[in-house]
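One structure below.
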Amino acid sequence: MKIAVFLPNWIGDAVMATPALRAIRTEFSQATVVGIVRPYMADVLAGLDLLDRVMLYDPRGKEKQQRGLRFVHRMRKEEFDTAVLLPNSLRAAWMARLSGAKHRFGLDRDGRGWLLTDRIAPKPKSEPHPVIDEYLRIAERLGCRALSREMELATSENDESAIEAFWNEHSVAQLPSGYLCLNPGGAFGAAKHWPVESFAALARRIVDKLNHSVLVLCGPQEREEAREIAKRADSPHVVSMADIQPTIGLTKAAIRHCELLVTTDSGPRHFAPPFQIPVVTLFGPTHIAWSETYYPRAVHLQHEVDCGPCQKRVCPLQHHRCMRDLSVDRVFNAVRSLLARVGKADAA
């Protein structure tokens, strides 16, 4: 048996898909499971045994083998028995149909039901429901019985060497008590961003009050933001990754070895639960329930406003109060409280 799994296109969603992938891997242990994945997502699941291999799919990419009819031809040569669609897009349903897979499982949304052989009724869009549970519903319909919400990730030897080399180069910044990670920004849009000055003030307070170093993470688009946070924090114990080549693997390794992560509602937020790292997530325009992970070492903070959560990429009212009015005091108190709670639990 050969199963094609169309994987999500967002980093956080890919991590939240790992419980469903584990269920498929367990139920169909003798099958070949192939992930259909965008190239930039391949590193997210690297090192895990959830997939036998991946096929890189990039509909707008330069590689002809990764798009269009050539990719369809490659899929048809695989002779998939079953296609599992985790994304809700019409494009994914079309590709699954064109692959020739006899059975095609996915949510019956946005008029794509006729392309599926096994339709799963969607929940109303007006009611937020966790993505992690939606993926598990698809796995359950496939016949999977070992269902769990436990997410998984791994780091490679290269990832581990890279974070060790980084700290060797920044040894002056290290404090004996370890470091906390700050993850600003997010690919979703500017509405998810917490102000740079707030992150900088939080970093200073973590160093001064908690005696921990601070590492500011960043992706390719957040380098200037990370650099500015470290600059404004004005402490030798606050450093950023802005001046090195950011990779998903390095970010995973950095979070794996930190004491706690403070993050916006963006992809790297989901790197914390698989590594059992405490995480404080700052929510603004997005509804907490859509990305709930049921992780006991997580604290969600959201400043209530009468216009939100609006689910918009950019604040339509241009005041961005949902994030600007989330105070440094509130975030710092949550960090301190979570560190204390987790410390007591580990000691017990």
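Observations
- Label of the coordinate-derived value, P(r) over Cα pairs in 20 Å bins from 0, in percent, listed as [x] 31, 57, 12, 0; [y] 28, 54, 12, 5, 1; [z] 29, 55, 16, 0: [z]
- Proximal charge balance of A253 [Cβ under 11 Å; K/R count +1, D/E count -1]: -2
- Kyte-Doolittle at least -0.5, axis length at least 27 Å by Cα - qualifying DSSP helices, the chain: 328-347
- Near D208: Cβ cut-off under 15 Å, other residues only, Lys/Arg at +1 and Asp/Glu at -1. The net charge is +3.
- Considering only H193, H237, H170, the mean-square fluctuation computed in a Gaussian network model of the chain, springs between alpha carbons under 10 angstrom, is largest for H170.
- Among K2, K62, K252, K77, a tally of other beta-carbon atoms within 10 Å of each Cβ gives an order, fewest to most, of K62, K77, K2, K252.
- Other residues lying with their Cβ under 13 Å from the Cβ of D43 contribute a combined charge of +1, Lys and Arg counting +1, Asp and Glu -1.
- Pairs of lysine residues in the chain - Cα separation under 20 Å, sequence separation of 8 or more or cross-chain: 8
- This ranking places Y294, Y135 by how few other beta-carbon atoms lie within 10 Å of each, fewest first, which gives Y294, Y135.
- Sum of -39500 (n - 2.57) over DSSP H runs of 4+, divided by residues of the chain (222 nm, nearest 500): -10500 deg cm²/dmol
- Taking the alpha carbon gyration tensor of segment 2-142, multiplying each eigenvalue by 5 and rooting it gives semi-axes of 21, 17, 16 Å, largest first.
No lab work stands behind these numbers, since they all come straight from the coordinates. Note that this is a predicted model, so its numbers are computed, not measured. Here Cβ is always computed from backbone atoms with ideal geometry, including for glycine, and neighbour counts include all displayed protein chains.
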